[in-house]
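The values are calculated or read from the model by the stated rules, or taken from the named source; none is laboratory data. Just so you know, these numbers come straight off a predicted model, no measurement behind them. Virtual Cβ from ideal backbone geometry, glycine too; neighbours counted across all protein chains shown. For the accessible areas, the whole protein counts, side chains as well, though only heavy atoms, and no ligand, DNA or RNA atoms are used. Shrake-Rupley method; radii C 1.70, N 1.55, O 1.52, S 1.80 Å.
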Amino acid sequence: MSYEKPSYENLVADLKKLVETKNCGPILIRLSWHDAGVYSTGKLTGGCPNAAMRFTDGGEAKFAANAGLPTVALGLLNPITDKYEGFIGHADLWALAANVAIEVMGGPKIPTRFGRQDAKSSADGVDSFVGRLPDGDKGGDHLQQIFYPKGFDDKDIVALSGAHTVGSNHLDRSGFDGPWTEEPLKFDNTYFVEMLKKEYKPETTSKGASQFRNSDTNTVMLASDLALLEPPYRQYVEKYAADQDAFFTDYTAAWVKLQELGCSGLRDTL
Ligand code: HEM
């Protein structure tokens, strides 16, 4: 960690160094996604990226869907959170950290806007993740039930799911087990390429979760991933497998929208 006075350039440099030295890009992406992804309209309302998960006395930090985020992800970010306290808000830091991670891992350069309002206590979070964050053992209808009330369409669902090109499932967090791709620290379109190419067999993990494994390469897919091979999603899987630039373009648009759900008056600079 460098000790220059806080500046945007130093902050980005520190985040890059964190991602490179700890190989923690994937969990930082998941942190930003779950912070923002609780947003919903319709039957469920409210929710926004507000870093409510940092209050560990209850609320979002205790959601089963967030397992590993308050402990592992926030633990990794802690030195940077402390160093830049007062310079950048928590939710803005989480959004920026994810975008630095995506770029460091070879993905698109995604603009971050600033001005998210941080939660002041766990009570400022939403009550439950049910109906707000998706379950990995469910199919295509469930994806629509979760993502449509956030303002996303079928194309967005496929593009956003492409983030599973990085990272891994952890038995002690979700109960699922294994990485989606053979290079889980590289942000590219491999998730789509492999999904179309490989054969997956159903299995049950030692935690009782149902998933699908390619035994030749030990990569896995969840039911929610393989649902994308069916209509109306498959056309986008085929497009992104053939055209990484198209994936990056559509991912960027959907991801920026996700990171800004429920926010207003965001600024282009800190
Ligand atoms: C479409 C529905 C989705 C489902 C059902 C789902 C489910 C999951 C599950 C079960 C895990 C494993 C957590 C663990 O055990 O550590 C995970 C990890 C991850 N998810 Fe998703 N997810 C979805 C969408 C997304 C979206 C929209 C993004 C971001 C755009 C995303 C990014 C990630 C990343 C990067 C990881 C890896 C974290 C790590 O390696 O620690 N996911 N997801």
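Please compare each pair in Lys22/Lys109; Lys17/Lys257; Lys207/Lys257 to a cut-off of 32 Å on the Cα-Cα distance and tell me which ones are over it.
Lys207/Lys257
Mind computing the radius of gyration and Dmax over the alpha-carbon atoms of region 15-141? Å is fine for both.
Considering region 15-141 through its Cα atoms, Rg and Dmax are 14.4, 43 Å.
Summing Lys, Arg as +1 and Asp, Glu as -1, what charge do residues with Cβ under 14 Å from the Cβ of Gly42 carry, Gly42 excluded?
Cβ neighbours under 14 Å give a net charge of +3.
In region 8-131, if the dipole is taken from +1 on Lys/Arg beta carbons and -1 on Asp/Glu beta carbons about the Cα centre, which of Gly68, Gly106, Thr21 is farthest to the positive end?
Towards the positive end, the residue furthest out is Gly106.
For the chain, modelled as a Gaussian network with Cα springs under 10 Å, which listed residue fluctuates most, Thr181, Thr219, Thr204?
It is Thr204.
Return the calculated 222 nm mean residue ellipticity for the chain, to the nearest 500 deg cm²/dmol, obtained by summing -39500 (n - 2.57) across DSSP H runs with n ≥ 4 and dividing by the residue count.
One gets -11500 deg cm²/dmol as the mean residue ellipticity at 222 nm.
Beta carbons within 10 angstrom, averaged per residue: use that to sort the peptides 50-62, 80-92, highest first.
50-62, 80-92
Taking every pair of alpha-carbon atoms in the chain, give the share separated by more than 25 Å as a whole percent.
Result: 42 percent of Cα pairs exceed 25 Å.
Using each residue's phi in region 207-212, evaluate 6.51 cos²θ - 1.76 cosθ + 1.60 at θ = phi - 60° and report the 3J(HN,Hα) Karplus result to the nearest Hz, with x for Gly and Pro.
The phi angles translate into 9, x, 8, 8, 8, 10 Hz.
When the convex hull of the Cα atoms of region 140-254 is projected onto a plane and the area is averaged over all directions, what value comes out in nm²?
Answer in nm², one decimal: 7.0.
For the chain, calculate the relative contact order in percent as a whole number, restricting contacts to Cα pairs under 8 Å that are 6 or more residues apart.
23
In the Gaussian network model of the chain, springs joining C-alpha atoms below 10 Å, which of Gly162, Gly139, Gly75 carries the largest mean-square fluctuation?
Among Gly162, Gly139, Gly75, the largest mean-square fluctuation in the Gaussian network model of the chain belongs to Gly75.
Kindly report the accessible area of region 204-253 per residue (heavy atoms of protein chains, probe 1.4 Å, no ligands, DNA or RNA), in Å².
Result: 48 Å² of accessible area for each residue.
Within the accessible area of region 220-264, what % is carbon and sulfur when the probe is 1.4 Å and the other protein chains stay in place?
Accessible surface attributable to carbon and sulfur in region 220-264 totals 50 percent.
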